[in-house]
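A short write-up of the structure that comes next.
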Amino acid sequence: MSCRPLLSLLALTLPTVLAAQHPGFLLSFSLLERSASGSGGTDLAWLWPNEIHQLEFAPGCVGTSTEKWAPRTAFHALAGDENGDVAYWRPGLFQHVDALVTTIGGPGGGANLRTVFWSPSQAMGTVVSGGNGLRPGDTGRIVRTSAGDGRVEYFLSREQVNQSLGLPLTTAVDVDAIAFAPSLGVFFSLDSDINVNTACGTFLLRDGDVVAIAPYDLTYTIDMRINTVATGSAVVVHTEAQMDAFVLNATVTNHFGGNVTSCWDLESLDIDWSAPLTWHPGCTGLAFQVPAFLFSTEMMTGASILTTANLGMIYNGPCGPMGTTWGNGMTTGAQTGLFPPNGFTSYSFVNALVTEPACRYVLEPRQPNLATPSPAGAVTIDIASPAPMNWVFLHFAPMGVGAVPASATFPPAFACFPDWYPPSWFYMMVATPNGFGSFPSPAIPPNFPCKLLLQSITVLNGNLELSTPMMFDVP
């Protein structure tokens with residue numbers, strides 16, 4: 001291989017292509033699903049519960065599809081050997097992405113994997129992150145700090161959730177849904193019922209309740225993460241019974257075609273800016289504003305999305321209702337960009353949701369492990385790109401217990417993914433004329449264990465863009 005540094009590409013003259021900013025949602029599902037588009041025949045069509053996906057609406061509403069946005073192997077590159085088993089690949093990392101939230105977008109104004117926050121259903125290891133891993137109850141992201149890569153930065157930590165609920169800080173709680181706006185505060189729901197002690201009194205908090213921390217009970221960091229939370233400040237703004245009523249009024253069907261009549265467990269939450277704000281009196285007489293919410297629940301199989309606006313209704317997205325009205329058949333998942341695996345309907349509910357434009361540019365191998373030796377092309381690598389031509393680079397990642405690839409940020413403002421992994425070597429060019437493509441894995445000689453990180457670069461509207469990284473484990 002010949003060594004070609006990233007910055008040499010600045011000299012290339014390439015045509016401007018269409019923008020990669022897609023209005024839509026970032027979301028996750030409770031079960032393995034498949035994109036409605038088929039993702040150009042690649043394995044990127046398979047949407048795992050521990051990934052983040054993007055729901056996209058085509059111009060003119062000629063198609064709605066959910067596409068892979070943050071593959072598992074991208075998380076492995078960011079997190080490194082977080083559990084200390086000397087392997088990057090851990091297919092069950094996070095188990096599920098339970099909640100999503102954003103504060104300040106990236107260079108292009110939308111989300112990227114360094115700006116979005118998520119809450120897992122299973123804790124990640126702390127070997128790399130220095131003891132502060134991402135746990136159920138936390139909403140955080142994996143970033144590079146002065147201490148290195150693979151570090152966890154919280155939007156709202158489990159301790160802050162407990163503090164707002166008047167619970168001991170070590171209490172094991174699981175955030176199931178979250179929403180945020182600086183002027184409105186934080187709204188969340190927990191996965192299980194729990195007795196709490198707040199300014200509103202001592203009571204049983206239900207897993208279908210929507211809880212608020214008003215903006216006057218919060219302080220923020222400069223990048224709008226939660227800095228401090230007032231003790232006992234949590235206020236229930238919608239009880240589970242009220243959420244049941246919203247669901248009942250919406251008359252949405254499940255994947256059987258039956259009318260969904262109750263919430264059971266709130267699973268995702270975001271702000272519906274199309275509806276007016278209301279005032280909530282709070283518990284201390286200091287009122288605050290509450291928005292309408294986009295939401296999903298455990299009972300809403302078929303992956304529908306509702307809104308609390310107008311006392312509860314199916315959310316009308318950019319290309320139509322995001323669910324089926326009772327009496328009109330099943331909610332199949334097609335409304336949220338899914339292709340039902342059994343040919344009829346999706347069994348999933350939406351497990352996490354945030355309304356956010358984002359640039360989608362991803363790599364993922366069909367098998368994340370390479371044997372030694374392996375001929376070239378032993379494994380196929382799939383790519384989804386916002387542009388028709390891509391330059392793929394290869395990086396040898398560190399090995400050993402607690403290893404993590406070291407990233408760097410260059411002066412250009414990359415919107416798709418902000419960081420490059422140097423030093424790297426040019427591997428090959430890959431065409432993606434319809435947005436998707438595939439290319440062969442590199443050859444591995446005998447007795448050459450290594451950890452390979454691949455990342456692609458393209459030119460979009462005259463700017464360089466980087467893909468999410470992906471990892472190969474070579475034992």
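The values are calculated or read from the model by the stated rules, or taken from the named source; none is laboratory data. A quick note: this is a predicted structure, and the numbers were derived from the prediction, not measured. Cβ sites come from the backbone with ideal geometry, for glycine too, and all protein chains shown count toward neighbours.
Are any residues in segment 75-93 crowded, with 24+ Cβ neighbours inside 10 Å and under 28 Å from residue 187 (Cβ atoms), and if so, which ones? Don't jump to the end; show me each part of the working.
Applying the first criterion (crowded, with 24+ Cβ neighbours inside 10 Å) to segment 75-93 yields 75-82, 88.
Scanning segment 75-93 gives 75, 78, 79.
Looking at segment 259-277 only, could you name the residues that are hydroxyl-bearing (Ser, Thr, Tyr) and touching a helix residue (DSSP H, G or I) at 6+ places or on another chain (Cβ under 6 Å)? It would help to see each step written out before you state the result.
First, the residues of segment 259-277 that are hydroxyl-bearing (Ser, Thr, Tyr): 261-262, 268, 274.
Correct list: 261, 262.
The single residue among 87, 70, 99 that is assigned by TED's automatic domain parsing to the domain that holds residue 118, touching a Leu at 6+ places or on another chain (Cβ under 7 Å) and on the phi < 0 side of the Ramachandran plot turns out to be 70.
Residue by residue, here is whether (1) out of contact with any strand residue (DSSP E or B) (no Cβ under 8 Å at 6 or more places or on another chain); (2) at pLDDT below 95; (3) β-branched (Val, Ile, Thr) holds:
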| site | (1), (2), (3) |
| --- | --- |
| 70 | no, no, no |
| 74 | no, no, no |
| 95 | no, no, no |
| 123 | yes, no, no |
| 132 | no, yes, no |
| 139 | no, no, yes |
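So for segment 295-313 (the condition being assigned to a strand (DSSP E or B) and farther than 21 Å from residue 176 by Cα), does at least one residue qualify? Yes, because at least one residue in segment 295-313 is assigned to a strand (DSSP E or B) and farther than 21 Å from residue 176 by Cα. Restricting attention to segment 163-177, does a residue exist that is of a type outside the set (Asp, Glu), out of contact with any Phe, Trp or Tyr (no Cβ under 7 Å at 6 or more places or on another chain) and part of a strand (DSSP E or B)? No, because not a single residue in segment 163-177 is of a type outside the set (Asp, Glu), out of contact with any Phe, Trp or Tyr (no Cβ under 7 Å at 6 or more places or on another chain) and part of a strand (DSSP E or B).
Please return the ranges of strands (runs of 3 or more DSSP E) entirely within segment 195-261 where 1 or more residues are within 30 Å of residue 142 (Cα to Cα), more than 26 Å from the chain's Cα centre (by Cα) and among the charged types (D, E, K, R).
Values: elements: 201-205, 210-213, 218-220, 226-229, 235-238.
No strands (runs of 3 or more DSSP E) qualify here.
Scanning segment 39-66 for residues that are at pLDDT below 95 and within 15 Å of the chain's Cα centre (by Cα) returns a single hit, 56. The set of residues from segment 102-137 being in a loop (DSSP other than H, G, I, E, B), aliphatic (A, V, I, L, M) and within 21 Å of residue 178 (Cα to Cα) comprises 104, 113, 116, 123, 124, 134. Tell me, yes or no, whether segment 208-224 has at least one residue that is of a type in the set (Asp, Glu) and within 30 Å of residue 406 (Cα to Cα). There is at least one residue in segment 208-224 that is of a type in the set (Asp, Glu) and within 30 Å of residue 406 (Cα to Cα).
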